[in-house]
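Written below as structure tokens is the structure these notes are about.
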Amino acid sequence: MTISGTAVAGDRKLKTVSLTIDGLKVEVPEGTTVLEASVKAGIYIPTLCYHPDLEPYGGCRLCVVEIKQMRGLPTACTTPATEGMVVTTESPAINEIRRASLEMILSTHPCECLVCHRRDRCGPNDICLRSVAVDDRCVTCPSNQDCELQKVVDYLGVHELHIPRDTTPRDIDNSNPFFDFDHNRCILCARCVRTCQEITCVGAIDMANRGYNAKIAAFNDLPLFDSICRSCGECMVRCPTGALNPKEVIRSDKEVKTTCGYCGVGCSMYLGVKNGKIVGVRGDPEGPANQGRLCVKGRFGIAEFVNHQERLNMPLIRKDDKLVEASWEEALSLVAEKLGKYRGEEIAVISSAKSTNEDNYVMQKLARAVLGTNNVDHCARL
Ligand code: SF4
Ligand code: SF4
Ligand code: SF4
Ligand code: SF4
């Protein structure tokens, strides 16, 4: 069976390379890594520091593979696929190295649940079936059952640790108004650091210290809120564990695609909805303006005002000096009747920068083509 890579970009033909992964012939564009080629072929290789939006890093050492005529076990995420390469992604030797790397990651991580043989029977927030005194566990973590570390531990079947653990409690930075940073759950994969440098281009955080004292920190170890962090949450969405998590985590029932109404960039996003309320926001990776990214306003500012109890969701008509709720039909008829008393340039139309480009376009069209006025503006100058 052969898996072919995309060989054409626009009119330009890309050079491709052909390699064999676990006996499967795979053809991919030149420059593709062995890990990306494996993903394309549907072959799973465990990894925790890799993220498709970020540059290869090779930090967690979990994606090691065997490559014919290459020494040692190279990391698949940093090795470019080359013509004729023969890759093996699974063997007892490979998995032994992966388990050793994973044990080092777990040596500073709350892992009672991870290595517990009863974990499958525990739902989120269950009382521990072994001991109520155990607080070093997944069921108290907002990422429980949605955690990449859990998946990797399950895949590699790590059920005991052979190296000393350091369970000294670490800081929880809850200074940011939108998300918390629990250093106890951090596995130092550096996805957040790289996101802040490569995607957000802020560089608010970096790796500090060494060994068991290594941590992710802002300059001078300041709380995030006092640092140059812009609270965009891009690091949070790429964190593979429960280290970076929104203040409140509510799982949605469905998602609705929309466009952010906060500014004219027009970022595309999915709103997570539960019981008719917005409970989460996710950037749309296909969005042409944002490619999945959002700023602090789009990510954290939507739900509060949309769900706000004082938000107007019915038109109000002033009657006897009092604003009274009315139907849309009644309100629009009243506006049409009042506008009918004026002609052309006597009318001005004010739209909103918080509306989409398309809505603003329709509004100026109504003004010019229907109402006959060029007096059009929107709130950006107000
Ligand atoms: S981050 Fe993952 S593995 Fe760690 S406590 Fe939370 S759910 Fe468990
Ligand atoms: S906070 Fe999350 S993304 Fe950052 S290093 Fe820790 S685990 Fe990785
Ligand atoms: S929230 Fe944004 S600016 Fe702040 S650390 Fe994360 S990626 Fe950087
Ligand atoms: S997410 Fe931020 S940049 Fe994007 S449209 Fe909304 S306010 Fe503008």
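When Arg165, Arg251, Arg210 are screened for being modelled with pLDDT under 95, away from ligand 4 (no atom under 16 Å from the Cβ) and in contact with a Ser or Thr (Cβ under 8 Å, 6 or more places away or on another chain), only Arg165 passes. Restricting Leu54, Leu73, Leu48, Leu14 to residues that are more than 18 Å from Cys189 (Cβ to Cβ) and modelled with pLDDT of 95 or more narrows the list to Leu73. Of everything in the stretch 147-170, what is free of Cβ contacts under 8 Å to residues at least 40 places away in the same chain and under 22 Å from Lys247 (Cα atoms)? Give them in sequence order. Matches in the stretch 147-170: Gln150, Pro169.
Checking the stretch 182-194 against the condition returns no match, with no residue being open to solvent by 60 Å² or more (accessible area, probe 1.4 Å) and away from ligand 3 (no atom under 15 Å from the Cβ).
Confirm whether Asp166 is within 13 Å of ligand 1 (Cβ to nearest atom), not assigned by TED's automatic domain parsing to the domain that holds Leu54 and not in a helix (DSSP H, G or I). No, not satisfied. When the stretch 13-37 is filtered for residues that are more than 12 Å from Thr82 (Cβ to Cβ) and of a type in the set (Asp, Glu), the ones remaining, listed by number, are Asp22, Glu27, Glu36. A residue that is under 12 Å from Thr88 (Cα atoms), more than 16 Å from ligand 1 (Cβ to nearest atom), among the β-branched types (Val, Ile, Thr) and in contact (Cβ under 8 Å) with a residue 40 or more places away in the chain can be found somewhere in the stretch 31-43.
Pairs meeting the criteria (first residue in the stretch 209-220 and free of Cβ contacts under 8 Å to residues at least 40 places away in the same chain, second residue more than 16 Å from ligand 4 (Cβ to nearest atom) and among the small types (Gly, Ala, Ser), beta carbons under 7 Å, at least 6 apart or on different chains) are Ala217/Ala208; Ala218/Ala204; Ala218/Ser227; Phe219/Ser227.
Checked across the stretch 355-366, the condition of being closer than 30 Å to Asn176 by Cβ and open to solvent by less than 100 Å² (accessible area, probe 1.4 Å) holds for at least one residue.
Is it the case that the stretch 168-179 has a residue that's at negative phi, open to solvent by less than 20 Å² (accessible area, probe 1.4 Å) and aromatic (Phe, Trp, Tyr)? Yes, that holds for at least one residue.
Are any of the residues in the stretch 176-189 without any contact (Cβ under 8 Å) to a residue 60 or more places away in the chain, within 30 Å of Cys267 (Cα to Cα) and away from ligand 4 (no atom under 16 Å from the Cβ)? Yes: the stretch 176-189 contains one or more residues that are without any contact (Cβ under 8 Å) to a residue 60 or more places away in the chain, within 30 Å of Cys267 (Cα to Cα) and away from ligand 4 (no atom under 16 Å from the Cβ). Here the condition is being assigned to a strand (DSSP E or B), within 15 Å of ligand 3 (Cβ to nearest atom) and either open to solvent by 60 Å² or more (accessible area, probe 1.4 Å) or closer than 29 Å to Lys151 by Cα (or both); of Asn245, Asn220, it holds for Asn245 alone.
To keep it simple, each residue is scored yes or no on (1) within 16 Å of ligand 3 (Cβ to nearest atom); (2) outside any loop (DSSP other than H, G, I, E, B); (3) in contact with a strand residue (DSSP E or B) (Cβ under 9 Å, 6 or more places away or on another chain).
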| site | (1), (2), (3) |
| --- | --- |
| Asn95 | no, yes, no |
| Arg98 | no, yes, yes |
| Glu103 | no, yes, no |
| Pro110 | no, no, no |
| Asp120 | no, yes, no |
| Gly123 | no, no, no |
| Ser131 | no, no, no |
| Gln145 | no, no, no |
| Val152 | no, yes, no |
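Applying the criterion of being under 27 Å from Arg251 (Cβ atoms) and exposed (fewer than 13 other Cβ atoms within 10 Å of the Cβ) to the residues of the stretch 83-125, the residue that is nearest to ligand 2 (Cβ to nearest atom) is Asn125.
The values are calculated or read from the model by the stated rules, or taken from the named source; none is laboratory data. For clarity, every value in this text was computed on a predicted model and none was experimentally measured. Neighbour counts run over all protein chains shown; Cβ positions are idealised from the backbone, glycine included. The protein model used for the area step is the full one, side chains on, heavy atoms only, and it has no ligands, DNA or RNA in it. Shrake-Rupley method; radii C 1.70, N 1.55, O 1.52, S 1.80 Å.
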